[in-house]
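Structure, as structure tokens:
The values are calculated or read from the model by the stated rules, or taken from the named source; none is laboratory data. Quick caveat, the model's predicted, so the values are computed rather than measured. Here the Cβ positions follow ideal geometry from the backbone for every residue, glycine too, while neighbour counts run over all protein chains shown. Just so you know, the surface numbers come from the protein's heavy atoms only, side chains and all, with ligands and any DNA or RNA stripped out. Shrake-Rupley method; radii C 1.70, N 1.55, O 1.52, S 1.80 Å.
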Amino acid sequence: MEQPNGDAAAGRYAGSGGGTGRDPGERDPGGRGLGGRDVAAGGAGGRDLAAGGVGGRDVGGQDVGGQDLAAGGAGGRAAENRTAGGEDAHPGGVPATYGKDRLGALAAWPDDRLATSLYECGVAGLGRTADADALGTLLRTFPDSRQAGEVGPALRAAVTSREAALKGSAPCTAVDELRAIGATADALPAGKVDGEALRGSADRAVRRGVYACGVDEFEDGRFTEAAETLNGFAEDYPADKRHDRAEDIAVAAEIAAERPSAGRRLPPSRPGGSGEVELVLANLGPGELEVLYIGPTTGAVELKACASCRTCPTRSAGDKACRAGTSKYPRTTLRLPAGDYHFLYKRATVRNRADGATLSTAYRYTDCSFMTRGTAGLGLT
């Protein structure tokens, strides 16, 4: 078929009649071709084009993806902004809401997946954070789910694994994780898991772990941390069978923090040495005095403040006062196994001072602690 202007067609064209053939040499006189389909206006079975719509868009219909639909041609589709159910839709064709009656099984489709995500997220965080948001949300939102039933066993398994780690190389890390697990158990909704039993298991493991942590810190040369950890253990668990041992190691750690040679090994668990030595400790300085010692045996003693004592001008002045007698000063007498000892002197108003001495059964000793303008004195006489 020829067109009046003789232009070549780009492919198939839309004519005013019902023709269906191709004319490779002609162009649609109205403008653009339809991209390769020859659809007559009003042709049965085709997509309806408006009478004047030879340019690719019809004046009475709606453009959908580049194909023109008339308001009503035979076999065509009417384009209305309505859903199949007759409800108003968003401009893009998506309905504002869908009820469960229309969604059917799809309404519950996300539940299992969401419960799994909450469970896995919560379990992955056990021991790393005390935050129980994920597991708490799971227990509140899906209380009857399979995943909710697995929360209690997961917490128990987490406690068990950290208990085993207390015997390893990083007991302090395991203690921190056990505390976090206990806090997570406390934060879960009441009645959903046996939080009281879980917390009890975690607390018992923490008790064992704190002691193990303090010993590990001492053996690693972290004496300040070891003293703090084991003093805390002794304070928190006064009835524990390891209480006295924890105090001895804490004493040794405090001394070793000032005098590292005192921390070469853990203090003896039982007094050693041969023979007994008498040692008088006297406070010739202002303020209360605490003396810590470690050797064949370990211990600490506190002496009351000396109300009449003043700072000595020199060390020799303090030594002279000590030799003159200690009866008028606060004092105590220790009977210790002979051997090498490390001492630490702690007075609130001055820095700590550490020293060492060998005690022999051939002598009686008086240890006077006094203050000078620069140091605190140790005077064994």
**Item:** Residue among 97, 116 that is modelled with pLDDT of 60 or more, of a type in the set (Ser, Thr, Tyr) and touching a helix residue (DSSP H, G or I) at 6+ places or on another chain (Cβ under 9 Å)
**Value:** 116
**Prompt:** Out of (1) open to solvent by 20 Å² or more (accessible area, probe 1.4 Å); (2) within 21 Å of residue 224 (Cβ to Cβ); (3) touching a Leu at 6+ places or on another chain (Cβ under 9 Å), the odd one out for residue 294 is which?
**Reply:** (1)
**Prompt:** Within the stretch 354-364, is there a residue that is in contact with a strand residue (DSSP E or B) (Cβ under 6 Å, 6 or more places away or on another chain), farther than 21 Å from residue 247 by Cα, of a type in the set (Lys, Arg) and surrounded by fewer than 16 Cβ atoms within 10 Å (Cβ to Cβ)?
**Reply:** yes
**Message:** Within the stretch 155-187, take every residue that is over 24 Å from residue 233 (Cα atoms) and under 17 Å from the mean Cα position of the chain (by Cα) and give me the one that is surrounded by the fewest Cβ atoms within 10 Å (Cβ to Cβ).
**Reply:** 187
**Message:** Against the definition (touching a Pro at 6+ places or on another chain (Cβ under 6 Å), surrounded by fewer than 14 Cβ atoms within 10 Å (Cβ to Cβ) and outside any strand (DSSP E or B)), how does residue 325 come out, yes or no?
**Reply:** no
**Message:** Being touching a strand residue (DSSP E or B) at 6+ places or on another chain (Cβ under 6 Å) and modelled with pLDDT of 90 or more: is that true of residue 123 here?
**Reply:** no
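With the requirement that a residue be under 14 Å from residue 165 (Cα atoms) and out of contact with any helix residue (DSSP H, G or I) (no Cβ under 6 Å at 6 or more places or on another chain), what does the stretch 208-240 give you?
In the first step, residues of the stretch 208-240 are kept if they are under 14 Å from residue 165 (Cα atoms); the result is 208-213, 216.
Of everything in the stretch 208-240, just one residue is under 14 Å from residue 165 (Cα atoms) and out of contact with any helix residue (DSSP H, G or I) (no Cβ under 6 Å at 6 or more places or on another chain), namely 208.
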**Message:** Condition (residue is open to solvent by 50 Å² or more (accessible area, probe 1.4 Å), in a helix (DSSP H, G or I), touching a Ser or Thr at 6+ places or on another chain (Cβ under 9 Å) and modelled with pLDDT of 95 or more) applied to the stretch 224-233: is it met by at least one residue?
**Reply:** no
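Filter the stretch 188-217 for residues that are farther than 27 Å from residue 140 by Cα, in contact (Cβ under 8 Å) with a residue 40 or more places away in the chain and open to solvent by 40 Å² or more (accessible area, probe 1.4 Å) and give the result. Explain how you work it out, then say what you get.
Going through the stretch 188-217, the residues farther than 27 Å from residue 140 by Cα turn out to be 204-217.
Keeping just the survivors that are in contact (Cβ under 8 Å) with a residue 40 or more places away in the chain gives 205, 208-209, 212-213, 215-217.
Across the stretch 188-217, the qualifying residue is only 208.
Which ones in the stretch 261-283 are touching a Pro at 6+ places or on another chain (Cβ under 6 Å), surrounded by 17 or more Cβ atoms within 10 Å (Cβ to Cβ) and in a loop (DSSP other than H, G, I, E, B)?
Once the filter is applied, which keeps residues that are touching a Pro at 6+ places or on another chain (Cβ under 6 Å), surrounded by 17 or more Cβ atoms within 10 Å (Cβ to Cβ) and in a loop (DSSP other than H, G, I, E, B), the stretch 261-283 yields only 273.
Step by step: first the residues of the stretch 297-312, then only those that are of a type in the set (A, V, I, L, M, F, W, C) and part of a strand (DSSP E or B), then the one that is surrounded by the fewest Cβ atoms within 10 Å (Cβ to Cβ). Which residue is that? I'd like the intermediate steps shown before the answer.
To start, the set of residues in the stretch 297-312 that are of a type in the set (A, V, I, L, M, F, W, C) comprises 300-301, 303, 305-307, 309, 312.
Adding the requirement that they be part of a strand (DSSP E or B) leaves 300-301, 303, 312.
Details: 300: 17, 301: 13, 303: 21, 312: 21.
Applying the filter and picking the extreme gives 301.
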